[in-house]
Amino acid sequence: MDNVVRGSDQLVLRHQLDGLSPTSVITVRLATPQQLAGLAAIARQEIPGVTATGESLTRFLYDNPESIFAFQRSEILLGGIAFLHLNCRGHEALLLDDIDLKAPSRDLLARPDEPVSAMYVWGLAGYGRAALGLANVNEYLRKPRFIGANYLARSSTPAGRNLLMAIGFQPIPSFQNDLWSYERSWNGASKILPASLRSERSFADARH
């Protein structure tokens, strides 16, 4: 998967993400190693330019078992979503365009025992009714480790941008090209920037 967001062309959501109810139409669970080759194949098919393999996703999952979710219906894999769970340093590096999103340094990622500062949507690919599973993922990410973090994402396709807008993401100023944020209802705008940037840096001249 790449730092791209792509949504299902067959489903249009028009609600804030926090207002969506988890679904039982599809099964949403943390991805297993056995599903990673299939998820990589869907990403290569659905997102132009992606070259992910099951092996690369296995390394990614090993570092953070809560980073990839799979969407499935009747034993059929519909797609998945992967996150970079950033610590404060990683959050700042993303906003300053100072992070390699294809191979981020581990010291920019939150440790399993460390609260997450921001959740970057590293990849989203699926078809059919896969997008329904976003509500289930959001419900899972209400756990204490993630509760203080907002979502960040980039879009490189019209379908991806439409999906972001449909579930309440907004573009934000940053040095990272075309960065969007979703403010979780209990966090607000203050969580978009880590404390170091709120107090010391300005994005007045940042790219939009």
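Summary table below
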| item | result |
| --- | --- |
| Residue that is aliphatic (A, V, I, L, M), at pLDDT 90 or above and farther than 23 Å from residue 145 by Cβ, where the choices are 68, 76, 47, 42 | 76 |
| Meets criteria (small (Gly, Ala, Ser), touching a residue at least 12 places away in the same chain (Cβ under 8 Å) and assigned to a strand (DSSP E or B)) for residue 82 | yes |
| Residues of region 66-83 satisfying the condition of being surrounded by fewer than 19 Cβ atoms within 10 Å (Cβ to Cβ) and either within 15 Å of the chain's Cα centre (by Cα) or closer than 19 Å to residue 141 by Cα (or both) | 66 |
| Count of region 85-94 residues which are among the hydrophobic types (A, V, I, L, M, F, W, C) and either part of a strand (DSSP E or B) or surrounded by 24 or more Cβ atoms within 10 Å (Cβ to Cβ) (or both) | 2 |
| Residue 30 vs. criteria surrounded by 18 or more Cβ atoms within 10 Å (Cβ to Cβ) and either of a type in the set (A, V, I, L, M, F, W, C) or at pLDDT below 90 (or both) | no |
| Candidate set from region 50-65 (those that are surrounded by fewer than 17 Cβ atoms within 10 Å (Cβ to Cβ) and part of a loop (DSSP other than H, G, I, E, B)); member that is modelled with the highest pLDDT | 65 |
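The values are calculated or read from the model by the stated rules, or taken from the named source; none is laboratory data. It should be emphasised that the depicted structure is a prediction, and the values quoted were computed from it without experimental measurement. Every residue, glycine as well, gets a Cβ built from its backbone with ideal geometry; the counts of neighbours run over all protein chains shown.
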